[in-house]
Amino acid sequence: MARKRHKPDEIVTKLRQVEVLRGQGVAMPDAVRQIGVSELTFYRWRKEYGGMSRDQLRQMKDLQKENERLRRAVADLTLDKLILSEASPGKLLSPARRRACIDYVRSVLPKKVSERRVCQALGQHRSTQRRRPHGRDDEGQLTEDIVELARRYGRYGYRRVAALLRSQAGWVVNDKRVERIWRREGLKVPAKQPKRGRLWLNDGSCIRLRAERPNHVWSYDFVEDRTHEGRKYRMLNVIDEFTHEALAIRIDRKLDSTDVVDVLTDLFILHGVPENIRSDNGPEFIAKVVRKWIADVGARTAYIAPGSPWENGFVESFNARLRDELLNGEVFYTLAEAKIIVESWRRHYNTVRPHSSLGYRPPAPEVFLPAFASAPTPRSLAQRPTIH
């Protein structure tokens, strides 16, 4: 006859029964005999459950269950960490790579881990793991046609190639299948090379104008930004392409062709008249008053081709530096504040900031203020920009 295995609730009940019998004056051996166990079993029960109530026993059961759950969770996390450490680095994007990785992990782990467990850790469905793909019979011919079309039409992507396959080669194929083969074969559209258009001068000559000396080629362009309240303001940037010096940054809410002439007049008096002035085809630059005034003072305009900002690369690069180093990290509450901070940055750009194209030297280490300046600028503004 099999021995009865008492539950914790029954053990606590029998211990409480012995306490009641002892309170009535029954001897310990007799009381233990009445609950139907031996004295050795009784003392072992009392050592483990003595003094416990049913509520305390229930709390102990809950703690044991929680400890067991946490122990299993820690074991699962440890196993997941071991599986992921053995998996290949990087993302496993395709089912084939996941399938190979799961087989590898199961082969190198010290203990035999189930396929279900590794699939769960690496995010692979078991049916996908067990089903070995069999390529279609026409996969090779389709691949050859895709490669041939990609070779013939180098600027076409996989969507346009898929359309050609359906319309010209008679294939019944969707874009996703073409994309899968396209990526597998490593096909891609080459990066588009920027056009290197030539600059047409006013005298009809067609040359690529490059600055060869100071005051040979100036370039200018507009940059727009907004103050804190959202109002727009414009900046007219003028640079010398040979020295890379920022000659002026005029700031105002609105700037038109008259302001362009006014800025150039001040710069011509201070630096002399340049031989060429490069700009895009903005209305402020192609205005008749601007072109006539530049021609009257002995300079020539060099307009870039429409829609080709790379031909005015020096001032575009300067605009990018201005926006990256100052405008993107500064909040201007007033237009006067913008004028002061931007002028301080321009002086820093000319006198302190090292330029890699100039051997990490500033373009104008010494800056002489114009004679008509009302008050000299403190030396500290020429050494570093006031950016907070």
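Things worth noting here:
- Set of lysines near residue 188 by C-alpha distance (under 19 Å), chain-local residues within fewer than 8 positions excluded: 176
- With all protein chains modelled, accessible area of residue 227 [1.4 Å, Å²]: 10
- Under 13 Å of direct C-alpha separation, and excluding same-chain neighbours fewer than eight residues apart, residue 288 reaches these aspartates and glutamates: 256, 296.
- Estimated Rh, the stretch 8-52: Kirkwood, alpha-carbon pairs, angstrom: 10.3
- Exposure check, 1.4 Å probe, all protein chains in place: residue 292 carries approximately 130 Å² of accessible surface.
- The overall shape of the stretch 138-185, judged from the alpha-carbon gyration tensor, is rounded, with an a/c ratio under 1.5.
- Annotated for the stretch 56-130: lysine pairs at least 8 residues apart or interchain, Cα distance under 26 Å, count 6.
- Full-stretch length increase - residue 361, residue 73 - with 0.36 nm per residue and alpha-carbon distance subtracted: 97.6 nm
- Share of carbon and sulfur in the accessible heavy-atom surface of the stretch 217-358 [1.4 Å probe, %]: 53
- Rolling a 1.4 Å probe across the protein heavy atoms gives the stretch 138-185 an accessible surface of 64 Å² per residue.
The values are calculated or read from the model by the stated rules, or taken from the named source; none is laboratory data. Please read these numbers as outputs of a predicted model, since none were measured by experiment. In case anyone asks, the SASA skips ligands and DNA or RNA and just uses the protein heavy atoms, side chains included. Shrake-Rupley method; radii C 1.70, N 1.55, O 1.52, S 1.80 Å.
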